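Here is the structure we will look at.
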Amino acid sequence: MQKRRISDYLMTALIWLSATATASILLIIVGFIFSNGWRLISPTFLTREANDTLRIVNFESESMVTAEIMGDLLVVEGIGLTLERDETYGIKVNHVAADAPGRHALDNAGEIFPIRRGQVLEGINEERIHGGTTLDEISTMFDNHSTFTFRIRQLGGGIFPMLISTLMLIFTTLLIATPLGVLAAIYMVEYAKQGRIVNMIRFAIEILAGLPSVVHGLFGMLFFSRILGLGMSVLSGALTLTVLLLPIMIRSTEESLKTVPNSYREASLGLGANKIQTIRKIILPSALPGITVGIILSIGRIVGESAALLFTLGTFARIPVNPATGNLSIFEAGATLTLRAFIEVQEFGNIEMASAIGIVILVIVFTLNLCSKLMTKKFGK
Amino acid sequence: MDVEIKLTKKRAFSEKLFHALFLSAGLFAVICVTAIIILIFTRGSRPFMPGNEYGTYHFFNFLTGTFWRPAFGEYGVGYMIIASLFATFGAMLLGVPIGILTAVFIAEVAPSWLAKIMQPTVELLAAIPSVLYGVFGFAVIVPMINNFTPNPTGYSLMAVILVLTIMVLPSIVAISVTSLRAVPTHYKEGSLALGASHIQTIFKVLIPGAKSGILTAVVLGVGRAIGETMAVILVAGNPESGVPTSIFDPVRLLTTNIVLEQGYATGLQAQMLFATVIVLFTFILAINLTLSKIRKKAVRI
Amino acid sequence: METKFKIQDLNLFYGDFQALHNITLDLYENKVTALIGPSGCGKSTFLRTLNRMNDLIDNVKITGKILLDGRKDIYEKMDVIGLRTRVGMVFQKPNPFPMSIYDNVAYGPRCQGLKDKKKLDEIVEEALRGAALWDEVKDKLNKSGMSLSGGQQQRLCIARAIAMAPEVILMDEPTSALDPIATQKVEQLMGKLKEKYTIIIVTHSMQQAARISDKTAFFLMGEVIEFGDTDKIFTNPDKKETEDYITGRFG
């Protein structure tokens, strides 16, 4: 009796210990990411490019230019600019008027590079501005000038390109993977007779599901990037992810198709509808919640995936834009949030940046998880 | 009369068309798997066949070699195999007991308000991307190990095992909780009615009752551990050689090997990467088969 | 009496198992024919051959002929979808679609390509009236069909079938899942329906068969033992097996 009591207490202690260990480890990790990255989080973090952009831009003024100091700001009439002093960077643009000529400033390549709030001014005409320059010193640089050449630094350190890349990747992947998965699931549930073909497909799905994402990435790099010649691009990444996500999409669609009662199918066919009408009008709508859950799970996987994308999408902190036309293109490379976080650590050792990106990733993933839980609760099966 | 037959033919044709459409979607998965297997196996086995344009390599040397130095034409994955095995085994050794006990806590021991909080939390945490675990490992675990390691850095097998354990925990816990809860209540009631304590009931009746689900969780955990790449790269050290003789030694795993060289490997080196994949495949297959045999045996009892 | 269905030597096999043996039968127009017999003796299977619902099952083999209007073999010479627009079915468990009452009734016509809202409105109203449901639901046509009571749901399924303007309505134990009051309402309905349609009903309840049908066929082990006027079957059957079943010696 004594012996059993002691071993019971021991086991109970171990159980509590394990649970505490598990809970604390996981909370520590989340806490670590938040505490290391929160300082970087701001609206500008979300909207800025990753790297600083340095440009020399030119514009003209129509009217007379006068610079006047008002409080902490330098207001420059005639070009509609207000400048402020910043401790870290020196002189920054505080405000650009709606009719300011700077909005259409041209760089040396003849392309428009608008002057914007937040940009750092590093040179006006021939004069250089450095960190210690005061607003007073600058105010004289505007006199007697009507054409201006500004040396502008647009600050980076943001994740905007990664956000765009991630969105493009999600959209493209779902566009390809969802129909494929749903159609395949419809085949498995509504058409296939139990037998060789079905078993073959199921076996293939099992294997695909069990492949580590490295292998998907290697295959994607070889087949989509090299053999098909897509190089590193959103499309290549999307195709690789489609293969990776196929099991998830098929399984969740299959499950929800199976919950549609057979009596619906019988009633529909009994009323003279054909199979396609039955699928389209009755079965698919009923299966929609399950399909949506599959989509949400896939989005979560896309956001978190890294090994499969390293060499199919790339790791470039850029917006996937065709350099010739300036339009978004799925044939261009980019980097998702997760990939970027990895690079920040592996190449730059920048924990703070990686954690900040991590916060954004966690917020997205947790929200998705919540959504899918709500969906399964609401449509309850 | 004829109109009806024409209608039948037309309908039959369009139904056949749709049938073909759905079938092709289903076969797409099969095509992908076939393509993957063909591409990997053809490229990966060439170095060991005579007449390879990039030169031949001895398969035995490949499997047992302890140096990976493409510049010198050395391709040995032996030390990586050992590292991968140690890492997976270590992660399971730590993760499975802690995971099962935590699951027991949530399903049986915790007061219901606590269980209600813990379960979704663990599920949510299973969704964290692996890279973030790597970041944590890099920033916290490696420096921590650095404090007491006899080796120059904290990048080590121990770091890898710890990171893998943490990654594998949430899924083991989540599945085990579901399995434990699925055990019929009358088993539990029967045991308690016979005078067994709660703890005894848990270990003698509930856990064996949830055997099948728990083993599934273990299989999934092993799959995740052996296939994990990104989190591990940041903490492993990735040396070019060296069978790990202590947990403080830096290691290179089969998976990390593939990723590290993927970007620039050509010729023989590229083929060797595919060969590494073949080895990885074999291990995953072997482990899965063994585990499913154990599962079948266990479930029968 | 016109013959609606002429069944000649019908045999049905599920794989190796023979479910229907040499059935030869005439089903008459604008009459209610009841199919009775103990469970598992092929009544439902037989019913489903009439609108080729058995096509949905693998491994089913059928020999013999079923002629619609006494002329056309429904297996050889008819488009199955066309057949089902002429021969409707009501199932044992009410199974309205998860859509509005209106959409449920309009489903069949819409599948056949009917889009004109006015026409659909007419059809829906007529069908719901024909099923004695219109007054109860006319103000809530866009409420979900699942919000109705069991008996109302079954009448909705009847309305749904009627909306196709079929010639025959097959009913597979339509009231077995309903309470007595709902059952009574549906039975009253059947009396009205036979003026426009031919009704074939499978029922477990002999009392129901006796109440509502004109003709009755007694099934046993996949064979039709006896077929004739309901009155005769229930008061003075020819075959001994029929009499045993009627008097409750088995079944």
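The values are calculated or read from the model by the stated rules, or taken from the named source; none is laboratory data. From a predicted model like this one, the values you see are computed outputs, not experimental measurements. Here the Cβ positions follow ideal geometry from the backbone for every residue, glycine too, while neighbour counts run over all protein chains shown. Note: areas computed on protein heavy atoms with side chains; ligands, DNA, RNA excluded. Shrake-Rupley method; radii C 1.70, N 1.55, O 1.52, S 1.80 Å.
Things to note:
- Conditions (1) buried (at least 20 other Cβ atoms within 10 Å of the Cβ); (2) over 20 Å from the mean Cα position of the chain (by Cα); (3) of a type in the set (S, T, N, Q): number failed by A:THR315: (2)
- Subset of region A:77-109 (residues that are within 14 Å of A:ARG151 (Cβ to Cβ), small (Gly, Ala, Ser) and not in a strand (DSSP E or B)): A:GLY102, A:ALA105
- Boolean, A:GLY300 is part of a loop (DSSP other than H, G, I, E, B) and either on the phi > 0 side of the Ramachandran plot or modelled with pLDDT of 90 or more (or both): no
Okay, residues lined up against (1) at pLDDT 90 or above; (2) in contact with a strand residue (DSSP E or B) (Cβ under 9 Å, 6 or more places away or on another chain):
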| residue | (1), (2) |
| --- | --- |
| B:PHE148 | no, no |
| B:THR153 | no, yes |
| B:MET158 | yes, no |
| B:ILE161 | yes, no |
| B:THR165 | yes, no |
| B:SER176 | yes, no |
| B:VAL183 | no, no |
| B:HIS186 | no, no |
| B:ALA193 | no, no |
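- Residue match in region B:95-106 (condition: under 30 Å from A:VAL363 (Cβ atoms), within 13 Å of chain A (Cβ to nearest Cβ), crowded, with 19+ Cβ neighbours inside 10 Å and without any contact (Cβ under 8 Å) to a residue 40 or more places away in the chain): yes
- Some residue of region C:25-38 being within 12 Å of C:GLU223 (Cα to Cα), of a type in the set (Gly, Ala, Ser) and in contact with a Gly (Cβ under 7 Å, 6 or more places away or on another chain): no
- For region B:116-140, the set of residues classified as open to solvent by less than 10 Å² (accessible area, probe 1.4 Å) and more than 8 Å from every other protein chain (Cβ to nearest Cβ) consists of B:GLY137 only.
- Any hit, region C:130-141, residues being of a type in the set (Phe, Trp, Tyr) and over 18 Å from C:VAL87 (Cα atoms): yes
- Some residue of region C:188-195 being within 23 Å of A:GLY270 (Cβ to Cβ), open to solvent by 20 Å² or more (accessible area, probe 1.4 Å) and over 18 Å from the mean Cα position of the chain (by Cα): no
- The residue pairs whose first member lies in region C:67-86 and is facing another protein chain (nearest Cβ under 7 Å), whose second member is among the small types (Gly, Ala, Ser), and whose beta carbons are closer than 8 Å, counting only pairs six or more residues apart or on different chains, are C:ILE81/A:GLY272; C:ILE81/A:ALA273; C:GLY82/A:GLY272; C:ARG84/A:GLY270; C:ARG84/A:GLY272; C:THR85/A:GLY272; C:THR85/C:GLY108.
- Selection within region A:318-331 - assigned to a loop (DSSP other than H, G, I, E, B) and open to solvent by 40 Å² or more (accessible area, probe 1.4 Å): A:ARG318, A:ASN322, A:PRO323, A:ALA324, A:THR325, A:GLY326, A:ASN327, A:ILE330, A:PHE331
- With respect to the conditions (1) farther than 18 Å from B:ILE233 by Cα; (2) surrounded by 19 or more Cβ atoms within 10 Å (Cβ to Cβ); (3) in contact with a strand residue (DSSP E or B) (Cβ under 6 Å, 6 or more places away or on another chain); (4) of a type outside the set (D, E, K, R), B:THR66 falls short on a single one, namely (2).
- Unique residue being open to solvent by 30 Å² or more (accessible area, probe 1.4 Å) and part of a helix (DSSP H, G or I) when the list is C:ILE181, C:ILE233: C:ILE181
- Entry remark, region A:17-43: residues being part of a helix (DSSP H, G or I) and more than 7 Å from chain B (Cβ to nearest Cβ) number 15 in total.
- Count of region A:139-166 residues which are in a helix (DSSP H, G or I) and within 38 Å of the chain's Cα centre (by Cα): 7
- Of all the residues in region A:187-212, those that are in a helix (DSSP H, G or I), within 27 Å of B:ASN288 (Cα to Cα) and within 7 Å of chain B (Cβ to nearest Cβ) number 8.
- Any chance B:LEU220 is open to solvent by 40 Å² or more (accessible area, probe 1.4 Å), at the interface with chain A (Cβ under 10 Å from one of its Cβ atoms) and either in a loop (DSSP other than H, G, I, E, B) or in contact with a helix residue (DSSP H, G or I) (Cβ under 9 Å, 6 or more places away or on another chain) (or both): yes
- Verdict on A:LEU218 being buried (at least 22 other Cβ atoms within 10 Å of the Cβ) and in a helix (DSSP H, G or I): yes
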